[in-house]
Amino acid sequence: MTRLAKAALVILLLILPAAAPAAEPPADQPHWSLEFKGGWFTPDIEDWEVYYGREKTWHYAGSLAYKLTRQLEVGVEGGYIKDWGQGYAPLNDVIAGRVTYEVAPLNVFALYRAVFSEHQWVVPYIGGGWTRIFYREKIEGQGTIRGKADGHHWRAGVQLLLDEADSRAARNLYEDFGIHNTYFFLETQNSTAMINDLFGKSINLGGTSYLMGFLFEF
């Protein structure tokens with residue numbers, strides 16, 4: 001055996017033990033994200049506070065997303081927004097009796113989370129996609145208007161890892177339910193979906209939401 005072959009054999013024997021751990025499968029990582037959130041929605045409809053008594057109303061939502069990579073995911077989100085007004089129906093632009101206004105946004109989105117470690121405490125994220133808003137306006141004594149409008153939305157936020165606050169509870173969640181990470185998050189979301197009222201005036205059924213909630217990765 002030549003000196004070169006002997007040297008190569010020695011190097012190979014030294015490398016093999018170090019390479020063995022690298023050949024093991026990567027650590028188990030989450031493949032899904034589940035969110036529950038709520039907060040304030042500020043409609044883009046003009047003079048909303050004049051007829052509904054305040055500039056904003058409650059917004060509740062939940063989403064499920066699949067992780068294409070650890071950072072990039074695609075998913076769907078459903079929400080619900082409701083308010084009550086007196087004396088005006090914004091979709092008709094007419095004086096009316098008591099009005100109940102409801103919208104249900106449906107979002108299909110892609111989202112990027114800047115997470116590079118399973119122990120990363122603070123994770124910013126950004127995303128957006130297609131939006132369909134289903135709306136219903138019930139006017140006292142005048143019937144109900146229903147419809148839908150398509151548009152788009154964007155969102156941005158920051159999530160805070162809760163696992164380190166109670167490692168035993170985090171371990172139990174993983175062992176019992178397969179939940180890898182639990183986060184608390186704050187998010188800003190803006191949506192646009194245009195319709196025309198009876199007079200041809202464009203109305204944006206979307207607006208801006210300020211939300212908070214919990215994210216579970218499994």
Check your understanding: Could you say which residue among VAL108, VAL158, VAL115 is assigned to a loop (DSSP other than H, G, I, E, B), under 23 Å from MET212 (Cβ atoms) and at pLDDT 95 or above?
Key -> VAL115
Check your understanding: Out of region 181-202, which residues are surrounded by fewer than 18 Cβ atoms within 10 Å (Cβ to Cβ) and farther than 19 Å from LYS37 by Cβ?
Key -> THR192, MET194, ILE195, ASN196, ASP197, LEU198, PHE199, GLY200, LYS201, SER202
Point to revise | ALA170 vs. criteria hydrophobic (A, V, I, L, M, F, W, C) and either without any contact (Cβ under 8 Å) to a residue 60 or more places away in the chain or part of a helix (DSSP H, G or I) (or both) | key: yes
Review point. Being on the phi > 0 side of the Ramachandran plot, assigned to a strand (DSSP E or B) and modelled with pLDDT under 85, is that true of even one residue in region 132-143?
Key: yes
Review point. Counting just the residues of region 173-218 that are touching a His at 6+ places or on another chain (Cβ under 8 Å) and outside any strand (DSSP E or B), which one comes out nearest to GLY127 (Cα to Cα)?
Key: GLY206
**Study point:** Filter result for the condition that a residue is surrounded by fewer than 18 Cβ atoms within 10 Å (Cβ to Cβ) and in contact with a Leu (Cβ under 6 Å, 6 or more places away or on another chain), over ARG132, ARG146, ARG168
**Key:** ARG132
Practice item. Could you give me the residue pairs with C-beta distances under 9 Å whose first residue belongs to region 55-78 and is aromatic (Phe, Trp, Tyr), whose second residue is assigned to a loop (DSSP other than H, G, I, E, B) wherever it lies, and which are 6+ apart or on separate chains? Key: TYR66/HIS31
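The values are calculated or read from the model by the stated rules, or taken from the named source; none is laboratory data. No experiment lies behind these values; they were computed from the predicted model shown. Cβ coordinates were reconstructed from backbone atoms using ideal geometry, including for glycine residues, and neighbour counts include every protein chain displayed.
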